[in-house]
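Novice: Got a structure for you, questions after.
The values are calculated or read from the model by the stated rules, or taken from the named source; none is laboratory data. Everything quoted here is computed from the prediction, not taken from an experiment. Every residue, glycine as well, gets a Cβ built from its backbone with ideal geometry; the counts of neighbours run over all protein chains shown.
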Amino acid sequence: MTEAPLRMSDDPAHWAIAAGLVALWLLLSWRWLRNPATGPVAAGQCLVVYASQTGHAEDLARETHHRLRAALEDVHLFTADRVTAPILAAAERIYFIVSTTGEGDAPDNARHLDAMITRDSVDLSDTQVSVLALGDRRYTQFCAFGNRVRAWAERMGARISGFVTVDDLAPADLAEWNRILSREGFAAHAETPVASASSWHVASCKQVAPAAFDASSMQTSDGLYRLSLVPEGGAPPDWEIGDLFELRTPDGHIRDYSIANRPGAGEVQLFVRRVMDNGIPGRGSGLLTEAEPGRTHVTGRIREHRLFRPATGHGPILAIGAGSGWAGLRPHLAHAMAESRPCWLVFGERTPAGTDALLAEMQEWHQDGGLQRLELAFSRQDGRRVQDIIADKAKDIAAFLGNEGCIVLCGRLAMGEACLAALRDVLGAEWMDQAKATGRLRCDFY
Ligand SMILES: Cc1cc2nc3c(=O)[nH]c(=O)nc-3n(C[C@H](O)[C@H](O)[C@H](O)COP(=O)(O)O)c2cc1C
């Protein structure tokens, strides 16, 4: 085959198109070279960066982003683990909306940002930074991660134009953030990207475990209750395993409860521990557990909890929890059993007395063979807690999980941390780190 000879065009329109294409290529290459990890990022842009464990900071970030976008052209929303030093350095304004979890820790989706602010220097001398730090004063390290982000931004030369700490989502603290945004010229919008709360009625409410005192949290409880909620006028909106029911109390407080049943049902089930403080029932738990089935209405909505979705892969499932943690474990186990995955439940309560209604379902699942193993720990009866079972059954647990196994943990923070430490001893740090990195370890602590 002979090739046609190469000929230069003498049409000026062709030359103009070619020059335009070269200029575009040079512009895109320059932008990419400045920010290779993320694609083009223009200088002068505004970023909303969020770090969230259970989704509240994420919702607030979406609302803030929505509000800013109405006034600014170049506004971008990032989860904290996606931002890099070049992205931050190129921004003109940054709004960090971050919560604190564990004991003063960064949320799981902010581990990269946490490492970056400990290790890296980024020139923020031309950047305006605002920080909305979510936390809870009942924890000793109140808003610790938000404070770390603010201190780092200051060290990097940023101008801090707003810093708000929020105690337990207090409406007055959130109003302060709204004031800052309004002052900067970003008006509030009636329409928000976050689903609004609606009215639900309490269809049933039954006590399934007795009153008790928990020494680790110093909390007295008036028992554990199983509830079913049905939205007014229709079926509940879609949700996914792991999601939460967010209750709004009449005085503006917000309380989250794990949804205990699988999606697709016409109702949302909850297990609620009725917390008592000096003889006064908790704001949320009192409202729910004093409900008169068929008559009581509450305001709430379903909220996504992306970090507690079913574990990845098809390996066996080890579910570990105590008390109201059963609510978080239950849909994960039901889902895994439906997929015929081998399941093992380690569950703790204070005493077996008065807990028949709670334990009956676990025992049924065990007898039916859906649960291959069921281990129960009753701390008041024999002093054994779930973490002791992990240590006792170390060899069996390692053999059951193999390399592909998954762990789902749900319950109070002290129990969760003790279980993670026990599992690290049994399986090794490498196994646990790998499981966390690949989504085979799912935790929901409260
Ligand atoms: C397990 C757990 C640990 C927490 N640890 C802290 C803490 O150390 N310091 C703090 O100020 N708040 C702490 N909090 C409170 C959260 O920061 C607060 O509830 C926040 O609104 C959660 O926001 P998020 O849903 O975006 O993660 C903790 C909450 C939970 C559930």
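Novice: Where in the stretch 354-446 are there strands (runs of 3 or more DSSP E), lying wholly inside it, with at least 2 residues that are closer than 27 Å to Cys205 by Cβ and hydrophobic (A, V, I, L, M, F, W, C)?
Specialist: Hits in the stretch 354-446: 373-378, 406-411.
Novice: If you check Ser196, Ser161, which single one turns out to be under 24 Å from the mean Cα position of the chain (by Cα), outside any helix (DSSP H, G or I) and either surrounded by fewer than 16 Cβ atoms within 10 Å (Cβ to Cβ) or more than 10 Å from the ligand (Cβ to nearest atom) (or both)?
Specialist: Ser196
Novice: Could you grab me the full set of residues in the stretch 336-346 that are part of a helix (DSSP H, G or I) and buried (at least 18 other Cβ atoms within 10 Å of the Cβ)?
Specialist: Ala336, Met337 - these are the residues of the stretch 336-346 that are part of a helix (DSSP H, G or I) and buried (at least 18 other Cβ atoms within 10 Å of the Cβ).
Novice: Follow-up question, since we're still on this one. If I go through the stretch 110-125 residue by residue, how many of them are at pLDDT 95 or above and either within 16 Å of the ligand (Cβ to nearest atom) or within 21 Å of Asp74 (Cβ to Cβ) (or both)?
Specialist: The number of residues fulfilling the criteria is 7.
Novice: Pairs please, first residue from the stretch 185-196 and within 15 Å of Ala61 (Cβ to Cβ), second anywhere and of a type in the set (S, T, N, Q), Cβ atoms under 9 Å, 6+ apart in sequence or on different chains.
Specialist: Phe186/Thr64
Novice: Can Gly328 be described as outside the structural domain of Leu227 (by TED's automatic domain parsing), surrounded by 19 or more Cβ atoms within 10 Å (Cβ to Cβ) and assigned to a strand (DSSP E or B)?
Specialist: Judged against the criteria, Gly328 is not a match.
Novice: Can you tell which of Leu359, Leu371, Leu307 is within 21 Å of Leu423 (Cβ to Cβ), at pLDDT 95 or above and surrounded by 15 or more Cβ atoms within 10 Å (Cβ to Cβ)?
Specialist: It is Leu371.
Novice: Residues Gly321, Gly284: which one is touching a Lys or Arg at 6+ places or on another chain (Cβ under 7 Å) and either of a type in the set (S, T, N, Q) or in contact (Cβ under 8 Å) with a residue 24 or more places away in the chain (or both)?
Specialist: Going through Gly321, Gly284 in turn, the sole match is Gly284.
Novice: Further question: Restricted to the stretch 159-181, and to residues that are touching a helix residue (DSSP H, G or I) at 6+ places or on another chain (Cβ under 9 Å) and of a type in the set (Gly, Ala, Ser), which residue is farthest from Val122 (Cα to Cα)?
Specialist: Gly162
Novice: Here's another thing I want to ask about it. Select from the stretch 211-234 the residues that are touching an Asp or Glu at 6+ places or on another chain (Cβ under 9 Å) and either surrounded by fewer than 16 Cβ atoms within 10 Å (Cβ to Cβ) or in the same structural domain as Gly325 (by TED's automatic domain parsing) (or both) and list them in ascending order.
Specialist: Ala211, Gln219, Thr220
Novice: Take the residues in the stretch 127-156 that are more than 12 Å from the ligand (Cβ to nearest atom) and exposed (fewer than 14 other Cβ atoms within 10 Å of the Cβ), then tell me which one is farthest from Glu92 (Cα to Cα).
Specialist: Checking each candidate, the answer is Ala151.
Novice: Return the total of residues in the stretch 79-95 being small (Gly, Ala, Ser), farther than 22 Å from Arg306 by Cα and part of a helix (DSSP H, G or I).
Specialist: 3
Novice: Got a number for residues in the stretch 288-344 being closer than 26 Å to Ala399 by Cβ and not charged (D, E, K, R)?
Specialist: Total meeting the criteria: 28.
Novice: When the stretch 96-109 is examined, which residues are found to be crowded, with 19+ Cβ neighbours inside 10 Å and either away from the ligand (no atom under 14 Å from the Cβ) or not in a helix (DSSP H, G or I) (or both)?
Specialist: Phe96, Ile97, Val98, Ser99, Thr100, Thr101, Ala106, Pro107
Novice: Which members of the stretch 136-158 meet the condition of being under 21 Å from the mean Cα position of the chain (by Cα) and at positive phi?
Specialist: Scanning the stretch 136-158 gives a single hit, Cys143.
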